[in-house]
1. Tell me the residue from GLU215, GLU200 that is among the charged types (D, E, K, R) and at pLDDT 85 or above, please.
2. With respect to GLU512, determine if the residue is open to solvent by less than 40 Å² (accessible area, probe 1.4 Å) and either in contact with a Gly (Cβ under 7 Å, 6 or more places away or on another chain) or in the same structural domain as GLU95 (by TED's automatic domain parsing) (or both).
3. For residues that are outside any helix (DSSP H, G or I) and either farther than 21 Å from ILE108 by Cβ or open to solvent by 50 Å² or more (accessible area, probe 1.4 Å) (or both), tally how many sit in the stretch 208-247.
4. Name every residue in the stretch 248-272 that is more than 16 Å from the ligand (Cβ to nearest atom) and crowded, with 18+ Cβ neighbours inside 10 Å, in order of residue number.
5. Consider the stretch 491-506. How many of its residues are assigned to a helix (DSSP H, G or I) and at pLDDT 95 or above?
6. Scanning for something assigned to a helix (DSSP H, G or I) and either at pLDDT 95 or above or within 16 Å of the ligand (Cβ to nearest atom) (or both), does the stretch 278-294 turn up at least one residue?
7. Hey, any hits in the stretch 184-199 for a residue that's assigned to a helix (DSSP H, G or I) and either more than 16 Å from the ligand (Cβ to nearest atom) or touching an Asp or Glu at 6+ places or on another chain (Cβ under 6 Å) (or both)?
8. If I go through the stretch 128-149 residue by residue, how many of them are open to solvent by less than 70 Å² (accessible area, probe 1.4 Å) and in a helix (DSSP H, G or I)?
Amino acid sequence: MARYSNEINRRKTFAIISHPDAGKTTLTEKFLLFGGAIQTAGAVKSNKIKKHATSDFMEIERQRGISVATSVMSFEYKGMLVNLLDTPGHKDFAEDTYRTLTAVDSVILVVDSVNGVEAQTRRLMEVCRMRDTPVIVFINKMDRDGKNRFDLLEEIEKELNIQLHPMTWPINSGKDFKGVYNLYDKNLVLFTANTKATDEDTLRIDNLGNALLEERLGEKDAITLREDVELVDGVHGELDVDDYLAGKVAPVFFGSAINNFGVREMLDTFIRIAPIPRSRETSIRHLDVEEDKFSGFVFKIHANLDPKHRDRIAFLRVCSGKFERNKYFHHVRLDKDVRFSNPYTFLARDKDVIETAYPGDVVGLFDTGNFKIGDTLTEGEDFFFTGIPSFSPEIFKEVVNKDPMKTKQLEKGLLQLTDEGVAQLFTQYGGNKKIIGCVGELQFEVIQYRLLHEYGASVQFNALPFYKACWITSADPKKLEEFTRFKHANIAEDKDGYTVYLAQSEWFLNTERTNNPAIEFHFTSEIHK
Ligand code: G4P
């Protein structure tokens, strides 16, 4: 057995993702209650951005600051150490969420039974699909009059392009919601509206023909349940856990997070089937999670907006070996050895300095500018982890320097802020024009504010008519060169010197793809790694 097997085998690192308002925060809280990490409902300082603050980025940043402490919530459940990585709910911080997904081994996707698949659900799932991340689906708000359960499953399968496997089955919805039948444990869990962690009314029914069913549900619902279960069992049979682990099949649970209903069934299944920390690919070789030597990568950087505290926290996911406080590790990109005297743990019970961390854990490293997203630490070997791409921004603006005396500061600020992953920086082809690309409008406000307050650089942004950046490559360098020259107004370089095509619209993009079969258009930067 490898040296750290015991530690690895008891860890599960995951994220809960959803379209805003589907119930991610509520579900998180219920998990923490089950895990004993909090004692009362309402105790989670969620990083959910309050609705009234959506136009006030300072307030949002303040709330995000608070949320650093809850960025990773760890709890124990049934002998397992669960690391739950929080993801920002606000869509303007979607890129933060995408990157967090590179640091987890599985996800739970919350879908609102009334709204079904929503914009953000779709995009988050695309990111999961890129990495074949195992997904468990929680269909929430069954206490509301939701869509027909069969239609909903079909919609999710079609829109998210994943095969679903129901693990529980609901009896009605809305005010007629009576509970779920657990297809795995073969018991009926009757719905009671409450928010306590333990008061579930469970009735074991080994044989659905049992007349108890009529007694508890009434004749009509008992018949429907029998028919539904026969149909569902007939189509799906037993869950093949390997298909789940390969990201091909997603187990589905129905429930109501606010009523803490259906949550325990899901958590128990999660503990049973969700993957332990997995091995990963690097730029030079496959890295086995059980290797003795330490390695890890930075997937998120959180800056402190308070100018008096210029420190940042880099979030490091441990991928192999043992992280130790005060031990020198190799910072691959900078080719230098670094050590950390105050690595920060997010363990809910003891938010303090940690001595050691193992694969699946996340460590907070105080940083003064040494890290950028994707940076790798090792015990000496030179590689970086693949699968940590940049995604195409959706809003593009030209940076206009309002104070030529501060050009140097501006350049430094732009480089550092984009290293943190706040935005992406492009330089126009053959020119100097700097273009910032973000996922949300708010980011521009954040950048403008930080450039001024942290670097003394005053800028203005001019909107540009682009909607996507595609990294372009070609097997034929001449063709690429021609395309670049011909389309120069739409061409830029990213920070690493790779060429991107900035498309005005989907129509333009499709036209260029059709007209230039020798050019490949990629929606993430991963292609270069
Ligand atoms: P999010 O993090 O995904 O954005 O969602 P969150 O948990 O904050 O839930 C969004 C809203 O949905 C909240 O109401 C929450 O109480 C409600 N909710 C969550 N689960 C259920 C459920 O199972 N059934 C029903 N009916 N509602 C649910 P809110 O009014 O926006 O906020 P609050 O004032 O209640 O906090």
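The values are calculated or read from the model by the stated rules, or taken from the named source; none is laboratory data. Predicted model only: the values in this text are computed from it and were never measured. Note that each Cβ is placed from the backbone with ideal geometry, even for glycine, and that neighbours are counted across all protein chains shown. Accessible surface is based on the protein model in full, side chains and every heavy atom, while ligands, DNA and RNA are left aside. Shrake-Rupley method; radii C 1.70, N 1.55, O 1.52, S 1.80 Å.
1. GLU215
2. Details: open to solvent by less than 40 Å² (accessible area, probe 1.4 Å): yes; either in contact with a Gly (Cβ under 7 Å, 6 or more places away or on another chain) or in the same structural domain as GLU95 (by TED's automatic domain parsing) (or both): no.
The answer is no for GLU512.
3. The number of residues fulfilling the criteria is 8.
4. Let us first name the residues in the stretch 248-272 that are more than 16 Å from the ligand (Cβ to nearest atom), namely 248-251, 268-272.
Those that are more than 16 Å from the ligand (Cβ to nearest atom) and crowded, with 18+ Cβ neighbours inside 10 Å: VAL249, ALA250, PRO251, THR269, PHE270.
5. Residues in the stretch 491-506 being assigned to a helix (DSSP H, G or I) and at pLDDT 95 or above: 0 in total.
6. No - not one qualifying residue is present in the stretch 278-294.
7. no
8. 2
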